[in-house]
Amino acid sequence: TLSITERIHEKLDQNHHEATLVHIKTQDGKPFKKEDIRFQSLPDHRHYDTFVIESPVHAFSVSLPMSAFLKQIDAFEQKKIILFVTQRLARPWMGGNQAISLMKDLCISKEGRVIGSHIINWNSQQKDKQISYLIESTSALV
């Protein structure tokens with residue numbers, strides 16, 4: 001998932017967009033319960049106009065750290081958000097759709113404006129096309 005984010009960052013750079021890649025880390029690195037998840041720090045996102053938020057799919061839904069992050073972060077104040085998830089299972093209905101739906105709901109509850117969402121299936125024969133489309137469409141939406 002991080003490798004795709006880095007490629008998006010490179011594409012935005014090539015297209016002369018100012019972009020910052022922020023890696024969100026939990027304090028202990030191994031959260032097991034929702035109530036236990038704490039972050040080393042939450043980014044001050046007031047200075048950004050668009051967000052690309054990514055998460056792996058865990059247990060057929062968004063990862064617990066991403067869910068906790070989206071609940072703990074300050075409001076997005078109607079800023080643009082592009083979401084994407086990665087999953088091992090080959091079909092979007094095997095967790096990807098549910099993860100995107102939850103992320104979208106959490107972003108909207110924080111006054112975000114979701115303008116795009118994507119699911120990358122690592123085991124799909126279309127994986128490279130999915131990644132290329134994500135990178136190109138994200139660059140165009142920013």
Those residues of region 55-70 which are in a loop (DSSP other than H, G, I, E, B) and open to solvent by less than 30 Å² (accessible area, probe 1.4 Å) amount to Ser63
I need a count of the residues in region 104-122 that are without any contact (Cβ under 8 Å) to a residue 60 or more places away in the chain and farther than 21 Å from Arg46 by Cβ. 8
Can you list residue pairs whose Cβ atoms sit under 6 Å apart, with the first residue in region 78-103 being closer than 20 Å to Val52 by Cβ and in contact (Cβ under 8 Å) with a residue 24 or more places away in the chain and the second being assigned to a loop (DSSP other than H, G, I, E, B) and among the acidic types (Asp, Glu)? Count only pairs 6 or more apart in sequence or on different chains. Gln78/Glu111; Lys79/Asp49
Given Glu6, Glu77, which one is farther than 25 Å from Ile120 by Cα, among the charged types (D, E, K, R) and modelled with pLDDT of 90 or more? Glu77
Search region 71-94 for residues being aliphatic (A, V, I, L, M) and part of a loop (DSSP other than H, G, I, E, B), and hand back the single one that is surrounded by the most Cβ atoms within 10 Å (Cβ to Cβ). Ile73
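The values are calculated or read from the model by the stated rules, or taken from the named source; none is laboratory data. As the structure is a prediction and not an experimental result, all values here were calculated from the model. Heads up, the Cβs are rebuilt from the backbone with ideal geometry, glycines too, and the neighbour counts pull from every protein chain shown. Side chains are part of the model used for accessible areas, which takes the heavy atoms of the whole protein and leaves out ligands, DNA and RNA. Shrake-Rupley method; radii C 1.70, N 1.55, O 1.52, S 1.80 Å.
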